[in-house]
Amino acid sequence: MKNTFLRPVIDQYATGENIKNIRKRCGLSVKDLQEVFGFEFPQAIYAWERGKNIPTIDNLLVLASLFGESVDNLVVTRFVEIETENINSAVKICKSA
């Protein structure tokens, strides 16, 4: 029997916009972030903010700390419905444990 499961996925574009907006709200420039991360060039930060790439979990932790936010507040997720055979029963068991 097939079941449906809502799988969370990171919305890279929305996450990038969120990072950019929070950075600006905090009064920080891309150059400021470049300095914090020790990047020689700012391209990685621009790629994050444009949604072309997502920061690594280590870099998300640094951003969250710098912005005074949680990682959950930085990352924008959406859900994709997928059909599965066994995952729903496994999730129910896991949640009840």
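None of the figures in this text is laboratory data; all of them are computed from the coordinates on show. Nothing here was measured: the structure is a model prediction, and the numbers come from that model. Note: ideal-geometry Cβ built from the backbone for every residue, glycine included; neighbour counts use all protein chains shown.
Electrostatic tally near LYS20: other residues with Cβ closer than 11 Å to its Cβ, Lys and Arg +1, Asp and Glu -1, net +2.
Work out, step by step, the length gained on full extension between THR4 and ILE82: first 0.36 nm times the residue separation, then minus their alpha carbon distance; give nm to one decimal.
Numbers: separation 78, 0.36 × 78 = 28.08 nm, distance 0.55 nm.
Once the chain is fully extended between THR4 and ILE82, it gains 27.5 nm.
Calculated mean residue ellipticity, 222 nm, the chain: -15500 deg cm²/dmol, from DSSP H runs (n ≥ 4) at -39500 (n - 2.57) each, averaged per residue and rounded to 500.
Against the longest alpha carbon principal axis of the chain, how many degrees, from 0 to 90 and to the nearest 10, is the axis of helix 87-96 turned? Result, in degrees: 80. Roughly what would the spin-label model give for ARG50 and ASN73, points 7 Å off Cα along C-beta, in nm? Output for this residue pair reads 2.8 nm. Counting lysine pairs in the chain that sit 8 or more residues apart in sequence, or on different chains, and whose Cα atoms lie under 27 Å apart gives 6. Relative protection proxy for 71-77, 10-16, from highest mean packing down: 10-16, 71-77 (other beta-carbon atoms within 10 angstrom).
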